[in-house]
Structure formats: C-alpha cells, structure tokens
1. If you scan the range 220-245, which residues turn out to be open to solvent by less than 60 Å² (accessible area, probe 1.4 Å) and either more than 16 Å from the ligand (Cβ to nearest atom) or of a type outside the set (S, T, N, Q) (or both)?
2. Output the residue which, of all residues in the range 108-128 that are at negative phi and of a type in the set (D, E, K, R), is least open to solvent (accessible area, probe 1.4 Å).
3. Can you pull out every residue in the range 61-95 that is among the β-branched types (V, I, T) and closer than 23 Å to V260 by Cβ?
4. Could you list all residues from the range 14-31 that are of a type outside the set (D, E, K, R) and under 19 Å from the mean Cα position of the chain (by Cα)?
5. Residues in the range 262-272: is at least one farther than 28 Å from L32 by Cβ and in contact (Cβ under 8 Å) with a residue 40 or more places away in the chain?
6. Of the residues E141, E120, which single one is among the acidic types (D, E) and closer than 21 Å to Q11 by Cα?
7. Condition first: open to solvent by 10 Å² or more (accessible area, probe 1.4 Å), assigned to a strand (DSSP E or B) and closer than 14 Å to D123 by Cα. Now tell me which residues in the range 46-91 satisfy that.
8. Those residues that are over 19 Å from A236 (Cβ atoms), open to solvent by less than 40 Å² (accessible area, probe 1.4 Å) and more than 16 Å from the ligand (Cβ to nearest atom), I need them from the range 246-288; list them, please.
Amino acid sequence: MLHQYHPLGFQGSRIAQGFWRLTEWNMSAEALVAFLEQCVELGVTTMDHADIYGDYQCEKLFGEALALRPSLRDNMQIVTKCGIMLPSQNRPDITSHRYDQSVSHIIDSVNRSLRNLRVEEIDLLLLHRPSPLMDADHVAEAFEHLYTVGKVKHFGVSNFSQSQFDLLQSRLEMPLIVNQVELSPLELKHFKDGTLDHVQQHAVTPMAWSPFAGGNLFKLEEVNPELGRVMTQIAAQHHATIDQIAIAWLLRHPSGIAPVLGSGKIERVQAAVAAHEMTLSDKEWFEIWVASQGHPVP
Ligand SMILES: NC(=O)c1ccc[n+]([C@@H]2O[C@H](COP(=O)([O-])OP(=O)(O)OC[C@H]3O[C@@H](n4cnc5c(N)ncnc54)[C@H](OP(=O)(O)O)[C@@H]3O)[C@@H](O)[C@H]2O)c1
C-alpha cells in the first residue's frame, strides 16, 4: 500500500490518478469501474478532476461509473477544481474564456461537480488557476460556506505562486493543504522559483501535474537527447523504465511531491506504483537535474 500523506487530515495517496484525458480513453462505464477498482487495489486512491475536464464531461463519466459501484466511493478521495470558465457546447451559459472566482461561481461549480460525480462531498477542492481578479475575501467566503454546509472537506490551490497562496491563506480560517503545480524532469520551474520551499515551510502537499510532461518524456530524443541518454542509462541500472525513473525522481524530493498520473492504462499505473519502492541516489538525481537544465550546478 502506498504511503498516505498530509498531516492535517486529508488522507490522500502518495500517487494520484488524474482524469483530464478520460474522454480520450473511450472506456465504457464498466471498464472505468474495473480501472478504478484496480487503482484502489494498488493504493492509488486519490482521483483528480476539474469541472472543465473533457469539455465538462469527465466528472459525469466518472459519476456514471461510481453509480455502478457506489462502495468504491468509500475507498477514494475525490479532488476537483473550479474557477476557469471555458466556452463549450456542453455549457451554453459560458460565453467567454476567462476566470471566475466569485462566491456564486465557486459555489455553483461545486454543486455541479457534486451532481456530476454523484457524490455528497468533495474531499479536496482546488482553485484551478490564480486569477488577476481574485478577491481573496470572496474566495474565502465561498470556501467557508462549502465547508460549513459539509460539501467540501479540504481546500487547496493549483498553479499558485507563493504570494498568491499567502494572500488567500491570510483570509481563511482553514489551512490550504495542497498546491498542485507542473513538476517533472522536463519542467524544473517550480523547483527553482521557491514554490517547493514554500510548501515545505507551510506543511502543504505539492501535487505534480503532468509528471511525464504530458507525454514529452517519451520523446526525449527530440525534446532533450542528453536527458534521454541519462534517464535511459539510469533506468537500465535500476531494471526500470523511464517513466518509473521520473516518478522515483519526483518522490525523492524532500517536499513530498505527490505525482498525478494521466494515463488510463492500468499497466502504467502499476509501473508508477512499483517506482515508489525505488530509491535514486543523489548522484543519479543530479544527473537528471543537470541534463534537464543543460548546464552543471554552479
Ligand atoms: N492543475 C492543473 O492545472 C493541471 C494541468 C494538467 C493536468 N492536471 C492533472 O494532472 C493529470 C496528469 O496530467 P497528464 O495527463 O498531462 O500527465 P502525464 O503523465 O505527464 O502525461 C500523460 C500522457 O503521457 C502518456 N504516457 C504515460 N505513460 C506513458 C508511457 N509509459 N509510454 C508512452 N506514453 C505514456 C499518456 O499516454 P497513454 O494515455 O497512451 O498512456 C498520456 O498521453 C491530469 O489528468 C490532471 O488530473 C492538472
């Protein structure tokens, strides 16, 4: 069983499963139930959603599967996000692509997610992206309301800078427990901009979206041949695959990164879970770091 994380009560799994691409998987509800059962069995119990995924369809598909096996709900933690408006034929009421983090939008979005997912409560709600018009008092009012009425248990953010995080936290009674950001051997930005220092300082869990850079990790010959050479060599030494090395590399960081997987293929989830048992040496970790950034450490 994978280690659970976060001291403040959100018992999420160290490796999460994401559902952004669910509409591309062409899975029947029965096949999705089987996939979810296998994920849970592997200890991957945190399921990552957003209202907008799959043109507002992914939460619905997930809810249809859950309805076939309601007992699965007790063994998983459901994460969803809100705050982005995306014009879609599935949402004719949304006419412009922008952010909306008003009290009414956040509350309406959660009510819609609850209906689509067919659950009573969201375990963790994230504000999807920082908005230049974010009024922290309004977000706090919506969060406090959703907590008080029992619709959301925990709150966090995604793609937030330290100052955006601190601003919102300063208006909240409850702690923000997650900042979900892009982290991978091909995306070092948040390792360097203070995000991972900030989460450690405040006991916040960093969830890593696109841990394989959206699939670019498998095109390293084109994207970064030196990183490809280094990761292939390290993978061979560990009798592992490049994706497993990427997961082990993220897990090795002291901030307690929780990668969010993006594939609907159970063998990829199994591989990632097996990587949880691998330990990269500091030497190997830095070889990947140096190859990714293209120059030695100073
Ligand atoms: N908070 C945010 O702003 C944000 C943004 C983006 C994503 N997310 C979350 O993060 C999750 C993961 O993102 P992601 O889907 O971009 O993750 P990812 O794991 O970086 O990329 C997934 C892609 O990699 C491919 N892939 C995975 N393992 C492979 C392998 N061994 N060989 C070849 N191809 C492989 C998958 O193809 P196959 O389908 O063929 O396996 C899929 O196309 C999303 O589902 C979502 O929940 C959050």
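The values are calculated or read from the model by the stated rules, or taken from the named source; none is laboratory data. All of these numbers come straight from a predicted model, not from anything done at the bench. Note that we place each Cβ from the backbone using ideal geometry, even for glycine, and neighbour counts take in every protein chain shown. Calculation scope for accessible area: heavy atoms of the full protein, side chains included, ligands and nucleic acids excluded. Shrake-Rupley method; radii C 1.70, N 1.55, O 1.52, S 1.80 Å.
1. Across the range 220-245, the qualifying residues are L220, L227, G228, V230, M231, I234, A235, H238, A240, I242, D243, I245.
2. D123
3. Here is the first cut: in the range 61-95, the ones among the β-branched types (V, I, T) are 78-80, 84, 94-95.
Across the range 61-95, the qualifying residues are I78, V79, T80, I84.
4. I15, A16, Q17, G18, F19, W20, L22, T23, W25
5. no
6. Being among the acidic types (D, E) and closer than 21 Å to Q11 by Cα holds for just one of E141, E120, which is E120.
7. Within the range 46-91, just Q77 meets the criteria.
8. Correct list: H253, S255, G256.
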